[in-house]
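Chemist: I am attaching a structure below and will ask some questions about it afterwards.
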Amino acid sequence: MIGISSCLGGICCRYDGQAKTIPQLEALLAQGKAVSVCPEVLGGLSVPREPAEIIGGDGKDVWASRAKVLTASGEDVSEAFKLGAVLACEKLKEQQITKLVMKENSPSCGSQMIYDGSFSGVRKSGSGVAAAYFAENGIDVITENDWAVLLEE
């Protein structure tokens, strides 16, 4: 069994109230072969919600209190992102999930790239808050671009 970001599994939970459905991942959820999580919703954030980006670093820096997750209007939502990561990790561990497909570029779920904090669409290398936490807790994070490798294992 694998984990999947809820938005990739067809659930409209993104900040803009949309999903980024990948039909094959949605099918795995429907077949009971995967579990979905949305760390941002688990952390108490609404759908839809104001866009947020990491300012001053990446998800690892948020955990080390060197960076913050701020909305476009400047609200600090770092604690909601951290809480959601912890709750999602607990859910995944309960299901013995060790591999998770997550939405790249997200301030929560990005594992290789995130937006740079300028709200201009520019991306930079780095991980999101939840992806960083999952990696530290033994869960391998795979981007939605590379999810097919899981079927080969």
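The values are calculated or read from the model by the stated rules, or taken from the named source; none is laboratory data. What you see is a predicted model; the values in this text were computed from it and never measured. Ideal geometry is used to build each Cβ from the backbone, glycine not excepted, and the neighbour counts take in all protein chains shown.
Chemist: Restricting to segment 58-70, name every residue that is surrounded by fewer than 17 Cβ atoms within 10 Å (Cβ to Cβ) and not basic (Lys, Arg).
Modeler: Within segment 58-70, Ala64, Ser65 meet the criteria.
Chemist: Can you tell me how many residues within segment 84-94 are more than 15 Å from Cys109 (Cβ to Cβ) and either hydrophobic (A, V, I, L, M, F, W, C) or assigned to a strand (DSSP E or B) (or both)?
Modeler: Number of matching residues: 0.
Chemist: Give all pairs with beta carbons closer than 6 Å in which a residue from segment 62-79 that is without any contact (Cβ under 8 Å) to a residue 40 or more places away in the chain and closer than 13 Å to Pro107 by Cα meets a residue that is polar (S, T, N, Q) and surrounded by 18 or more Cβ atoms within 10 Å (Cβ to Cβ); count only pairs at least 6 apart in sequence or on separate chains.
Modeler: Hits for this filter: Lys68/Ser78.
Chemist: A further question follows. Run Val62 past the list (1) among the β-branched types (Val, Ile, Thr); (2) in a loop (DSSP other than H, G, I, E, B); (3) farther than 18 Å from Met102 by Cα and report the number of the one that doesn't hold.
Modeler: Answer for Val62: the failing condition is (2).
Chemist: Please verify whether segment 143-153 includes one or more residues that are surrounded by fewer than 13 Cβ atoms within 10 Å (Cβ to Cβ) and at pLDDT 95 or above.
Modeler: Checked against the condition, which is being surrounded by fewer than 13 Cβ atoms within 10 Å (Cβ to Cβ) and at pLDDT 95 or above, segment 143-153 yields no hits at all.
Chemist: Residue by residue through segment 123-142, note down the ones that are among the hydroxyl-bearing types (Ser, Thr, Tyr) and either modelled with pLDDT under 95 or surrounded by fewer than 18 Cβ atoms within 10 Å (Cβ to Cβ) (or both).
Modeler: Of everything in segment 123-142, just one residue is among the hydroxyl-bearing types (Ser, Thr, Tyr) and either modelled with pLDDT under 95 or surrounded by fewer than 18 Cβ atoms within 10 Å (Cβ to Cβ) (or both), namely Ser125.
Chemist: Filter segment 17-36 down to the residues that are in contact (Cβ under 8 Å) with a residue 24 or more places away in the chain, among the charged types (D, E, K, R) and either surrounded by fewer than 13 Cβ atoms within 10 Å (Cβ to Cβ) or over 21 Å from Gly84 (Cβ atoms) (or both) and list them by number.
Modeler: Listed by number, the list holds a single entry, Lys33.
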